[in-house]
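The values are calculated or read from the model by the stated rules, or taken from the named source; none is laboratory data. Predicted, not measured: the structure shown is a model, and the values here were computed from it. Neighbour counts are summed over all protein chains in view; Cβ atoms, including those assigned to glycine, are modelled from backbone coordinates with ideal geometry. To get the accessible areas, we keep the full protein, side chains included, count just its heavy atoms, and leave off ligands, DNA and RNA. Shrake-Rupley method; radii C 1.70, N 1.55, O 1.52, S 1.80 Å.
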Amino acid sequence: MVAKEDETVVVICPKCKTKLKVNEGKISEGGSRFKCPKCSTVLLVKKPSAVPQKPVDNVKIIVAHSNPSTVNQLVAILNNYGYQITTASDGIEAMVKAIKEVPFLMILEVGLPKIYGFEVCKRLKLRPEARGMKFILVSSPYDSSKYKREPSSLYEADDYIEEHRLSELLIDSINRIKGKGPDQKKEALRKPAETQLEKKSDEAPRPEMKPAPKPPEQSGDEKIERAKRLARAIVSDIYLYNTPKAEAAIKNETFNSAFAAEIKEGLKLYENRIAKEVRDQGDFFRETIREFIENKKKIL
């Protein structure tokens with residue numbers, strides 16, 4: 001089996017299944033022979049044939065988010081503007097669908113399960129199949145009073161929007177990425193609404209609105225997923241706003257000590273928001289930190 005990663009050809013030995021990485025420049029036009037370092041099988045490696053690049057689809061958008069209610073919100077907004085939406089609930093699914101469907105835009109939750117959203121963006125930017133694809137990162141900062149600024153790096157994404165501002169900023173962001181002006185539909189709707197409010201300002205006050213009904217009780221699995229989502233948001237914010245320091249700490253295996261204050265602060269918020277009955281089912285907070293460190297260590 002032969003696969004191409006940028007300028008490197010990956011060969012899987014048919015006998016022992018060892019993966020070999022061969023620089024494409026070392027392969028002649030007719031193919032070259034290489035010996036498997038594990039079982040000594042001689043392999044004939046040929047240059048992979050060029051695959052024609054599929055153009056991006058200018059009306060297709062992939063929305064990758066682990067919260068179904070946020071996905072529904074985004075789908076409703078984008079459908080109203082004629083976009084075709086494909087959804088994904090984790091980073092692996094998002095990458096597979098991106099290569100298969102080649103949308104012009106991906107909207108990625110920063111703290112996606114399996115592969116974080118900023119890593120999905122970074123990896124796809126390196127792939128020739130994703131050339132021309134645009135990316136918007138969506139963050140849900142766990143401490144809105146602390147994380148007011150944009151992160152110093154967008155991880156080569158084209159924009160960054162905090163989750164609570166999606167309905168306000170998303171369409172303008174997409175128009176800006178596409179080289180268009182502000183959202184004309186929103187502006188047209190805003191002016192009549194403002195005029196209407198002016199006309200009604202002298203009228204009698206409206207009757208008091210009834211409070212919205214409480215959302216349905218979450219199931220046990222939904223509560224656990226909410227806990228994991230919050231843990232991922234905390235970890236991704238720590239990394240996103242302290243990237244150089246975090247990467248150095250991960251390489252030196254000192255992440256927990258280097259960010260002891262931030263982790264303690266995040267844990268306090270996690271315990272305040274997540275019910276004890278859910279926390280008793282597993283240490284999802286520490287587990288998320290361990291998984292993040294291990295996955296990042298492999299990449300680094």
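Would region 56-63 turn up any residue that is free of Cβ contacts under 8 Å to residues at least 40 places away in the same chain and not aromatic (Phe, Trp, Tyr)? Don't jump to the end; show me each part of the working.
Keep residues of region 56-63 that are free of Cβ contacts under 8 Å to residues at least 40 places away in the same chain, which gives none.
No.
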### Query
Of the residues that make up region 39-62, is at least one in contact with a strand residue (DSSP E or B) (Cβ under 9 Å, 6 or more places away or on another chain), within 30 Å of residue 224 (Cα to Cα) and hydrophobic (A, V, I, L, M, F, W, C)?
yes
### Query
Taking the condition closer than 26 Å to residue 175 by Cβ and either touching a residue at least 24 places away in the same chain (Cβ under 8 Å) or buried (at least 17 other Cβ atoms within 10 Å of the Cβ) (or both), does residue 129 pass?
yes
#### Entry: All positions within region 268-300 that are out of contact with any Asp or Glu (no Cβ under 9 Å at 6 or more places or on another chain) and not in a helix (DSSP H, G or I)
274, 275, 280, 281, 282, 283
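Here are some residues: 112, 74, 43. Which one is within 25 Å of residue 300 (Cα to Cα) and either within 20 Å of the chain's Cα centre (by Cα) or open to solvent by less than 40 Å² (accessible area, probe 1.4 Å) (or both)? Lay out the reasoning, then the answer.
Working: 74 fails: within 25 Å of residue 300 (Cα to Cα); 43 fails: within 25 Å of residue 300 (Cα to Cα).
Only one candidate qualifies: 112.
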## Note on the structure
The residue that is least open to solvent (accessible area, probe 1.4 Å), considering only those in region 228-243 that are of a type in the set (D, E, K, R) and at pLDDT 90 or above, is 232
### Query
more than 30 Å from residue 242 (Cβ to Cβ), open to solvent by 30 Å² or more (accessible area, probe 1.4 Å) and basic (Lys, Arg): does that describe residue 122?
no
### Any hit, region 256-267, residues being in a helix (DSSP H, G or I), modelled with pLDDT under 90 and touching a helix residue (DSSP H, G or I) at 6+ places or on another chain (Cβ under 9 Å)
no
### Query
Can you name the number of the only condition in (1) closer than 26 Å to residue 113 by Cα; (2) among the aliphatic types (A, V, I, L, M); (3) modelled with pLDDT under 90 that residue 50 fails?
(1)
